[in-house]
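Remarks on the structure that follows.
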Amino acid sequence: MTTSLKLIACILIAMCLLAMPCQAKTLSIAIGEYPPYSTRAKGEFNFVPAVIRAAFQTQGYRVKFSYFPWGRSFVEVQKGHFDVAAYWFCTEEKQHEFYCSEPLYTETTYFFYNTNKPLVDWQHIDDLAGKLIGVTTGYSYTKELLAAGNESKLTLDWANTDKQNLARLIKGRIDAFPMSLIPANYMLKREFSKRQRKRLAYRKKPLRSDTTHLLFKKDREASSEYLNAFNKGLTEIKRNGVFEKLVSQLPSNSKQSIDKQGIN
């Protein structure tokens, strides 16, 4: 090969390499608001989307997030309008229809209550008989809690958002509301006054503690490919320290527990 041909070959190879990022596959992901883990609010750190983006990027994929109410985000993926559902508990019901990724993080929920209406130190769902429990539309709850509601042992009172449920709890309109400590503390400090926060406490026994996952619809041809890519990418960013760096960027109050006697 002549020198000029070698030069042309090198230029063509370089052009192909430079063009690769522009040709990367973009995956569409349906997600919901759950700060500080995920939010479309400008200027806020987006932990879960940042993890997802970093993991897929190691495997040559780009991602685009679309925010919906949680229930709708799941339905949009069921209908095949998006490649990925982020981020859900990997329940038996969901496993019939979806592949579950490796875990993103562990979500633990507790019953919050108004200190003016103390909640029994419950051990079994039946201990909450007769109580009015606030729940948020589109969320996953335990079979035991849903069954107790269906059997009228207690009443499940649905609201559209966590903020609405926390407001109702502060006003004493519901007896309890299950929520994770980190999002609860994050929302309370941004949406409610210190005086309002002081009215709330939570019971130490968790309602549930489960890992969260990306979901990939089984009847979509490329889902196995995307699942494997994400799992490999997640392993890679945990190995190279990117994951830990993202965790460190969560708001400082997200890494602190709430005082068991009240919200500070």
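Taken over the stretch 181-195, the criterion of being open to solvent by less than 30 Å² (accessible area, probe 1.4 Å), over 10 Å from Phe112 (Cβ atoms) and either aromatic (Phe, Trp, Tyr) or at pLDDT 95 or above (or both) is satisfied by Tyr186, Phe192. Quick one: count up the residues across the stretch 213-246 that are assigned to a helix (DSSP H, G or I) and without any contact (Cβ under 8 Å) to a residue 12 or more places away in the chain. Within the stretch 213-246, residues that are assigned to a helix (DSSP H, G or I) and without any contact (Cβ under 8 Å) to a residue 12 or more places away in the chain number 6. In the set (1) closer than 14 Å to Pro178 by Cα; (2) aliphatic (A, V, I, L, M); (3) not in a loop (DSSP other than H, G, I, E, B), the condition left unmet by Leu119 is number (3).
A count restricted to the stretch 108-120 and to residues that are surrounded by fewer than 20 Cβ atoms within 10 Å (Cβ to Cβ) and either closer than 18 Å to Ala222 by Cα or within 16 Å of the chain's Cα centre (by Cα) (or both) stands at 1.
Would you check which residues across the stretch 157-176 are open to solvent by 40 Å² or more (accessible area, probe 1.4 Å), outside any loop (DSSP other than H, G, I, E, B) and within 18 Å of Glu33 (Cβ to Cβ) and list them? Passing the criteria: Trp158, Lys163, Gln164. Residue check: is Leu215 in contact with a strand residue (DSSP E or B) (Cβ under 9 Å, 6 or more places away or on another chain) and closer than 30 Å to Ile52 by Cα? Criteria met by Leu215.
Residues that are touching a Pro at 6+ places or on another chain (Cβ under 9 Å) and assigned to a helix (DSSP H, G or I) within the stretch 128-156 comprise just one, Leu145. Identify the residue in the stretch 62-106 that is part of a strand (DSSP E or B) and among the hydroxyl-bearing types (Ser, Thr, Tyr) and, among all such residues, is surrounded by the most Cβ atoms within 10 Å (Cβ to Cβ). In this case the residue turns out to be Tyr87.
The values are calculated or read from the model by the stated rules, or taken from the named source; none is laboratory data. A quick note: this is a predicted structure, and the numbers were derived from the prediction, not measured. Neighbour counts run over all protein chains shown; Cβ positions are idealised from the backbone, glycine included. For accessibility, only protein heavy atoms count, side chains too; no ligands or nucleic acids. Shrake-Rupley method; radii C 1.70, N 1.55, O 1.52, S 1.80 Å.
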